[in-house]
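Here's the structure we're looking at; comments come further down.
The values are calculated or read from the model by the stated rules, or taken from the named source; none is laboratory data. In this text, all values refer to a predicted model and were calculated from it rather than measured experimentally. So basically every Cβ, Gly included, is an ideal-geometry build from the backbone, and we count neighbours across all protein chains shown. Surface accessibility is based on the protein's heavy atoms, side chains included, excluding ligands, DNA and RNA. Shrake-Rupley method; radii C 1.70, N 1.55, O 1.52, S 1.80 Å.
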Amino acid sequence: YATGKGLYCVMRPPGVSPEKIALNDDYQAFLLKVWDIVSSHIRLRNNGKVMFELANEPINILGPDGTYAGSGDGHFQNMQLYFQAIIDKIRGNGAENIIWVPGLGYQSQYAGFAAHRFTGNNIGFAIHVYPGWYNSDAEEDPKENITGSIKMVKRISPAISYHFCFFITTGSTAFAAI
């Protein structure tokens with residue numbers, strides 16, 4: 001319906017990623033199944049107004065050192081392997097839709113992708129920006145929070161940000177202002 005009205009749509013699986021993900025885990029198997037079905041669908045595959053966001057807000061991934069984290073070279077290496085398998089599944093079905101890959105840390109951490117790139121075309125990053133929420137203080141200038149951890153993304157790939165919310169804290173209460 002939406003594309004028929006001229007809108008562009010970003011599709012993603014329901015819900016959010018588990019707090020901890022790992023190569024070949026149940027969540028990756030779920031994502032592979034979802035994207036196999038979606039990217040094979042005749043009305044979605046190669047629809048120029050439908051884009052695929054591979055997952056919503058992964059936080060930590062198991063690194064080769066056996067620890068879970070949202071940053072670090074080995075963790076981004078595994079993040080690349082985790083989502084490259086899904087990209088390959090989509091492309092194997094003949095779908096050339098734009099793919100938006102999430103970062104770690106609720107989609108706020110991307111620096112490691114400079115060294116661990118995805119292969120293929122029409123691939124970018126889905127960025128979620130929550131100034132005042134992660135690693136920031138609402139009383140400080142949010143510009144560094146917005147640009148600091150995602151600055152390199154614009155140098156290597158297109159990006160989309162459609163989750164954008166300022167969090168303001170007063171005492172022990174947090175308020176969201178969209």
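Side notes on the structure shown:
- Once region 55-77 is narrowed to residues that are among the acidic types (Asp, Glu) and under 18 Å from VAL153 (Cα atoms), the residue that is nearest to the chain's Cα centre (by Cα) is GLU57.
- Filter result for VAL153 (at pLDDT 90 or above, among the β-branched types (Val, Ile, Thr) and open to solvent by less than 20 Å² (accessible area, probe 1.4 Å)): no
- Looking across region 1-48, just one residue is in a helix (DSSP H, G or I), among the small types (Gly, Ala, Ser) and at pLDDT below 95, and that is GLY4.
- Filtering region 108-119 to residues that are under 12 Å from PHE83 (Cα atoms) and either open to solvent by 50 Å² or more (accessible area, probe 1.4 Å) or part of a loop (DSSP other than H, G, I, E, B) (or both) leaves HIS116, ARG117, PHE118, THR119.
- Any hit, region 34-53, residues being among the small types (Gly, Ala, Ser) and under 16 Å from the mean Cα position of the chain (by Cα): no
- Within region 29-76, being out of contact with any helix residue (DSSP H, G or I) (no Cβ under 7 Å at 6 or more places or on another chain), under 21 Å from ILE99 (Cα atoms) and aromatic (Phe, Trp, Tyr) holds for one residue alone: PHE30.
- GLY132 modelled with pLDDT under 95, part of a loop (DSSP other than H, G, I, E, B) and either open to solvent by less than 30 Å² (accessible area, probe 1.4 Å) or out of contact with any strand residue (DSSP E or B) (no Cβ under 9 Å at 6 or more places or on another chain) (or both): yes
- Filtered by the rule that a residue be open to solvent by less than 50 Å² (accessible area, probe 1.4 Å) and assigned to a helix (DSSP H, G or I), region 49-80 gives GLY74, HIS75, PHE76, ASN78, MET79, GLN80.
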